[in-house]
Amino acid sequence: MRWSARTGARARRVGVTVVAGLTVAGLSGCGVMQRISEGAYRNAVADGAIADLRAKGVQLQRRPVCSTPPTGAFDEVRITCMARTTTGEPVEISGTVASADTSTPHERYQVTVGGRVLIDRDCLGTGCHRSV
């Protein structure tokens, strides 16, 4: 997929929609739907981080591997991703979504490369213009 402001914004909307979907799927007890929603969210976060890192001149060896560990709460989603740069430095992506079961979830993402924070804001991807 070619990244542009339009696809980045779409990925952000997908991420928020997926977070809401995770909550609904969790409440409905439908395991298959929950796994699909978690997979879509992991992809959206990985895609956004790749785009942001590329914009900062950082290239990855491979796509980040992400997981969404259980939080024990329907209104909170956590994600962690790991990768390496083409020069071998470790890349860590972490994110938390609070109030995920509402129409106004609060997202926070941090991306570190070699232990240095490069990105710390409430969205990821080329459609994200906020640098909070």
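Summary table
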read-out: Net charge contributed by nearby residues that have their C-beta within less than 12 Å of residue 85 (K/R +1, D/E -1); value: +3
read-out: Potential extension, residue 117-residue 56 segment - 0.36 nm per residue separation minus Cα distance; value: 20.7 nm
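Every number in this text was worked out from the coordinates using simple rules, so none of it is lab data. As the structure is a prediction and not an experimental result, all values here were calculated from the model. All Cβ positions, even for glycine, are placed from backbone atoms using ideal geometry, and neighbour counts span all protein chains on display.
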